[in-house]
Amino acid sequence: MRFKRSLVLGAAVTCLLLEGCRRGPGARDVEGRSLLLAHVHKLASEIGPRPAGSPGDRAAQDYILKKMTETGLQARTEQFDRVLLSPGTEVVVSTANVVGILPGGQVGTILVGTHHDSRNAACPGASDDASGVAVVLEAARILARRSHRHMLVFASFGGEETFGLPGSREFVRRWDGPPIRLAITLDFVGTGRVFVAPFPTSPELWANRLLRQAEREARTGRVSFDPWLTIVPRLVPFDFGADHESFLEKRIPALNLSCQFPDWTYHTSEDQPGRVDGNTLLSARDLVVRMVEGADARGPSTIDTDRGYLPLPLFGYPFFLSEPLLVIAAAAVALLGLATLVRFRRELASLSGIAEGLRGVLVSFPLAALAVSGPFLAEKALRGISKVRHPWYAHPGFHVTGAILALAFTLWLSLYLVRFLRPSTLSGAYLVPAVVLEGATAAACLASGRADLAFPFVAATGAMLLAGWSQYAIRRFALGILGAAPLLSFLSPTTYRMFLELSGVALPRFALELAAMALFLPWFLFLQHLACTPEALYARPGGPLFRPASGLALLFLAASAVSVNALRPSYDEGHRALVAVRERIDLQRRRAEATFSSLETLGPVRLAGLGDRALPDAEQARIRVPFPALDLPGLRVDVESPGGDEVLVRIHGAPQGAPRRISLRFRSGKRLQVESGGTWQSVKEYRRVVFPAGMDLDEVFHFRRGTSEPLVLEADISYDSDLLGLRPQAPFRTFRMESRVRFLKRLL
Ligand SMILES: [Zn+2]
Ligand SMILES: [Zn+2]
C-alpha cells in the first residue's frame with residue numbers, strides 16, 4: 001500500500017513537471033490570425049526592407065498611420081531628424097514615430113509600443129519587427145472597443161535598429177500627456193513562445209507576474225517562464241536592446257515581449273513573412289490586451305527590486321520563488337543537516353564507515369562517468385555520421401529523446417557492473433557523500449550570492465537528508481524524485497540553444513561533460529544508497545531488468561534513436577546555420593581582413609570572390625584579403641578656421657556602396673566645445689552617427705578649442721554588405737555580412 005502510494009505520488013509529480021497538457025489557440029479566431037498575418041505580409045513582403053530614412057520606412061509609417069486612423073485612434077506621425085543622446089553623442093536619422101491615442105481619464109497613460117524599421121536594405125524584418133507592429137495594431141483594434149480609465153497610447157517607433165533607440169527616446173522626451181504608468185514594447189513576437197525579454201537585465205519579477213496574470217486569463221499556452229531566461233542574463237552580459245529601455249531610463253515601469261526566435265534569421269534576408277507563426281501573433285495580441293486591461297483596472301505595476309527570484313514552471317504553472325524564500329529554504333535545509341549530524345553522530349564518526357564511504361565514492365566515480373557518457377557518445381556518433389558539429393540544433397526535441405535512451409542504456413550498464421564491483425553494502429557509505437556533494441554545490445552557489453542557482457541543489461540536499469531519516473526504501477525513492485524535480489524545469493533545449501546562439505559564448509571544451517558529471521554523480525550515489533538499503537538487498541527490486549536481454553533491448557532502442565536522428569537532415573531550408581562575416585578595411589595601414597564565425601564548421605564555405613578559396617574546418621577563421629580597388633572612403637573633409645579658436649569642419653560626398661551608418665568621432669587632447677542646436681557644450685569627445693539611407697552626406701561641425709592640441713577625426717563607415725566582394729557560399733548557410741571602413745585623420 002505504502003509502496004503504491006509513493007509510486008503514484010512520484011509518477012504524478014514527474015508527469016506534472018513535464019507540463020504535458022497545454023492547449024494552443026487551435027482553430028479559434030481564424031479572422032484575428034489572418035488580420036495579423038496580413039499586416040506582416042504588407043510590411044515585410046509588399047513594402048519590404050525598411051531601414052530608417054528609406055522609402056520603405058516612410059511607406060510603413062503611412063500604412064501604420066492609415067490603419068490606426070481606421071481603428072478610430074487619434075493618430076499622428078512625429079518626425080525627428082537629430083537626436084542628442086548625450087552631450088557628446090548625436091544621431092542623425094530622418095524618420096518618424098507613428099503614435100495613436102485612445103483618450104482616457106487623467107489617471108495616467110499605458111503605452112504599447114513596437115518599431116517599424118528593419119535592420120537594413122536586405123532584411124525584410126518580418127519577425128523583427130513587422131510582427132510587433134501587427135500585434136500593436138490589432139491590440140489597438142480590440143482595446144478601442146472597450147472602456148478604460150487610462151489614456152492608451154499605441155506607438156510605432158522609428159530608428160530602433162539604428163543607434164541608441166532615438167525614436168523611443170525622442171518620444172519620451174516630447175511626451176506631455178498624463179504620466180506613463182506602464183510601457184509594454186514588442187520586439188520579435190513571430191515564432192514559438194512569448195516571454196519577457198531577458199535584456200537589458202533578466203526579466204523583473206513584477207513584469208513576469210503581469211504576464212502570468214495575463215496568461216491565466218488568456219490561456220494561450222504559448223508563454224515561457226523558463227528559468228534559463230532569468231538565470232543566464234545574470235551570468236553573462238546579453239548585448240541586446242529594445243525600445244522599453246528608453247522608458248526604464250526615466251524610471252517608468254517597462255517591459256519588452258519577445259519570443260523564441262532562430263538566430264539564423266536575425267537581421268538577415270531570411271527574416272521572411274513565411275517564417276512568422278500566426279498562432280504566436282494571436283497569443284501575443286491576447287496577452288497584450290489582457291496586460292493592458294489588467295494594468296488599467298488594477299492600477300500601475302509596483303516595481304519591486306527582487307532580481308534574485310527563480311521562476312519554476314511546475315504543474316504547467318510558473319511559481320516565482322523570491323530571493324528571501326530561496327534563502328529561507330537554504331537555511332531550513334542547513335538546519336536539517338545539523339539535526340542529521342547530531343542524530344547520526346555515532347554512525348557518521350565510525351572509522352570503518354568513513355573508509356567504506358571513500359571506497360564507495362572512488363568506485364562510483366568511473367561508473368557514474370560511464371553512465372553519463374551515453375548521450376555524449378550518441379552525439380559523437382551523430383556528428384561522425386552527419387558530418388556537422390551540432391546535429392541537435394535542428395531538432396532538439398528528437399535529440400533529447402535519443403539522449404535519454406542512450407543514457408538509459410549506459411546507466412543500465414553501469415548499474416549492471418555495480419553488482420560485481422559493489423565496494424560496500426553500507427547504504428550510508430553512499431548517502432553521506434551524495435549529501436556532501438550536493439550540499440557543497442549549494443553552499444558554493446549561495447556563497448557567490450546566487451540563491452537562484454543554489455535552489456536545485458538545496459532541494460536535492462534536503463530530499464537526500466530526509467531520505468536518511470526514512471526507514472523505507474520506497475519512501476526514500478519518492479523523496480529522491482521530489483528532490484530531483486526542480487532540475488527538470490531546466491530541461492528546455494530550445495531556450496538553451498537560443499542562449500548559446502545569441503550570447504555568442506562558446507562553451508569551453510568538456511564543460512558540458514563536466515557539468516553533467518557534477519550533476520549526476522550525487523544522484524548515482526543516491527541510487528547506490530537505495531540499492532544497499534536492507535529492503536532492497538533482500539528483495540532485489542528490478543531483478544528482471546538486470547538480465548542481459550534488457551540491456552540489449554535498451555541498446556537497440558538507443559541505437560535506433562541515433563539512426564533516426566542521423567537520417568534527418570541537420571540543416572535544410574527550415575533550419576540553416578548562421579555564419580557571421582565581418583570585413584575590416586583599415587585605410588591607414590592599407591589592410592583588409594575578414595573574420596568568419598559560426599557554431600557550425602566553416603569547412604564547406606567557399607569564397608567565390610577569391611577564386612573559390614576554402615575556409616578551414618573550424619568554427620572561427622580570420623583571413624587577410626587583398627586591399628580592395630575601391631574609392632574609399634569617398635568623403636571630402638574641409639577644415640576652416642574663421643578666426644580665434646573656432647574651427648568649422650565640413651564632411652561631404654557620396655560614400656561608396658550605400659553604407660548603413662557613418663560614425664564621425666572628434667577628439668583633442670583636452671576638452672572641446674561643440675555647437676549643438678544653437679548652444680555650446682563642453683565635451684571630452686564628440687561623436688555624430690549618421691544614417692544616410694542612400695543620400696549624400698553633408699555634415700558641418702562647429703568647434704572651439706582652448707588648446708593647440710591636434711584635432712583628430714576618427715571615422716567608421718559600416719555596411720551590411722559584402723564590401724570586399726568575397727561572395728561566401730555554402731549549402732544551408734545564412735551569411736550575415738557586415739563590413740567596416742576605418743580611418744583616422746589629423747585635422748589640425
Ligand atoms: Zn527589433
Ligand atoms: Zn533588430
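The values are calculated or read from the model by the stated rules, or taken from the named source; none is laboratory data. What you see is a predicted model, and the numbers here were worked out from it, not measured in a lab. Backbone-built Cβ (ideal geometry, glycine too); neighbour counts: all protein chains shown.
Things worth noting here:
- Qualifying residue in region 178-197 (condition: more than 16 Å from ligand 1 (Cβ to nearest atom), among the basic types (Lys, Arg), in contact with a strand residue (DSSP E or B) (Cβ under 7 Å, 6 or more places away or on another chain) and farther than 24 Å from THR69 by Cβ): yes
- Just one of (1) in a strand (DSSP E or B); (2) touching an Asp or Glu at 6+ places or on another chain (Cβ under 9 Å); (3) closer than 21 Å to LEU587 by Cα; (4) in contact (Cβ under 8 Å) with a residue 60 or more places away in the chain fails for ARG736. It is (3).
- Of all the residues in region 249-259, those that are under 16 Å from ARG222 (Cα atoms) and more than 15 Å from ligand 1 (Cβ to nearest atom) number 0.
- Tally of residues being touching a Phe, Trp or Tyr at 6+ places or on another chain (Cβ under 8 Å), among the hydrophobic types (A, V, I, L, M, F, W, C) and more than 16 Å from ligand 2 (Cβ to nearest atom) across region 189-198: 1
- The test for being of a type in the set (Gly, Ala, Ser) and at pLDDT 90 or above does not hold for GLY543.
- Within region 494-538, the set of residues being under 17 Å from ARG422 (Cα atoms) and among the aliphatic types (A, V, I, L, M) comprises LEU521, LEU525, LEU527, LEU530, ALA531, ALA536, LEU537.
- Any hit, region 309-317, residues being outside any loop (DSSP other than H, G, I, E, B), in the same structural domain as GLU138 (by TED's automatic domain parsing) and not hydrophobic (A, V, I, L, M, F, W, C): no
- Within region 88-105, one or more residues are surrounded by fewer than 19 Cβ atoms within 10 Å (Cβ to Cβ) and either closer than 19 Å to SER246 by Cα or within 16 Å of ligand 2 (Cβ to nearest atom) (or both).
- Among the conditions (1) in a strand (DSSP E or B); (2) in contact with a Lys or Arg (Cβ under 8 Å, 6 or more places away or on another chain), the only one that THR601 does not satisfy is (1).
- Residue match in region 466-482 (condition: assigned to a helix (DSSP H, G or I) and touching an Asp or Glu at 6+ places or on another chain (Cβ under 9 Å)): yes
- Only one entry in SER246, SER258 is small (Gly, Ala, Ser), part of a helix (DSSP H, G or I) and either at negative phi or surrounded by fewer than 18 Cβ atoms within 10 Å (Cβ to Cβ) (or both), namely SER246.
- Verdict on THR201 being of a type in the set (S, T, N, Q), in the same structural domain as LEU73 (by TED's automatic domain parsing) and either within 16 Å of ligand 2 (Cβ to nearest atom) or touching a strand residue (DSSP E or B) at 6+ places or on another chain (Cβ under 9 Å) (or both): no
- Filtered residue count, region 265-279, keeping only those that are within 14 Å of ligand 2 (Cβ to nearest atom) and at negative phi: 6
- All told, GLY241 falls short of being assigned by TED's automatic domain parsing to the domain that holds VAL172, of a type outside the set (S, T, N, Q) and either assigned to a strand (DSSP E or B) or on the phi > 0 side of the Ramachandran plot (or both).
- Hits in region 271-300 (condition: over 17 Å from LEU143 (Cβ atoms), part of a helix (DSSP H, G or I) and touching a Gly at 6+ places or on another chain (Cβ under 8 Å)): ARG275, ASN279, THR280
- Test for ASP586: is it touching a Lys or Arg at 6+ places or on another chain (Cβ under 6 Å), acidic (Asp, Glu) and assigned by TED's automatic domain parsing to the domain that holds ARG736: yes
- Of residues in region 172-193 being assigned to a strand (DSSP E or B) and among the β-branched types (Val, Ile, Thr), the one nearest to VAL107 (Cα to Cα): ILE180
- Number of the exception - ALA594 against (1) surrounded by fewer than 20 Cβ atoms within 10 Å (Cβ to Cβ); (2) within 15 Å of SER739 (Cα to Cα); (3) over 24 Å from the mean Cα position of the chain (by Cα); (4) not β-branched (Val, Ile, Thr): (1)
- Residue match in region 702-716 (condition: surrounded by 15 or more Cβ atoms within 10 Å (Cβ to Cβ), in a loop (DSSP other than H, G, I, E, B) and in contact with a Pro (Cβ under 8 Å, 6 or more places away or on another chain)): no
- Verdict on LEU165 being away from ligand 1 (no atom under 12 Å from the Cβ) and either modelled with pLDDT of 95 or more or out of contact with any His (no Cβ under 7 Å at 6 or more places or on another chain) (or both): no
- Which numbered condition ILE354 fails, given (1) within 22 Å of LEU182 (Cβ to Cβ); (2) of a type in the set (Val, Ile, Thr); (3) modelled with pLDDT under 90: (1)
- Top-ranked residue in region 121-140 [being over 15 Å from ASP277 (Cβ atoms) and among the small types (Gly, Ala, Ser); ranked as farthest from ligand 2 (Cβ to nearest atom)]: ALA140
- Residue that is under 16 Å from VAL99 (Cβ atoms), out of contact with any Cys (no Cβ under 6 Å at 6 or more places or on another chain) and within 16 Å of ligand 2 (Cβ to nearest atom), where the choices are LEU186, LEU143: LEU186
One line per residue, one yes/no per condition, for (1) within 16 Å of ligand 1 (Cβ to nearest atom); (2) over 30 Å from SER663 (Cβ atoms):
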site	(1), (2)
PRO87	no, no
VAL91	no, no
PRO103	no, yes
ILE110	no, yes
GLY113	yes, no
HIS116	yes, no
ARG119	yes, no
ASP128	yes, no
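- Only residues that are of a type in the set (Gly, Ala, Ser), farther than 22 Å from VAL690 by Cβ and touching a Phe, Trp or Tyr at 6+ places or on another chain (Cβ under 7 Å) were counted across region 141-184, and they come to 2.
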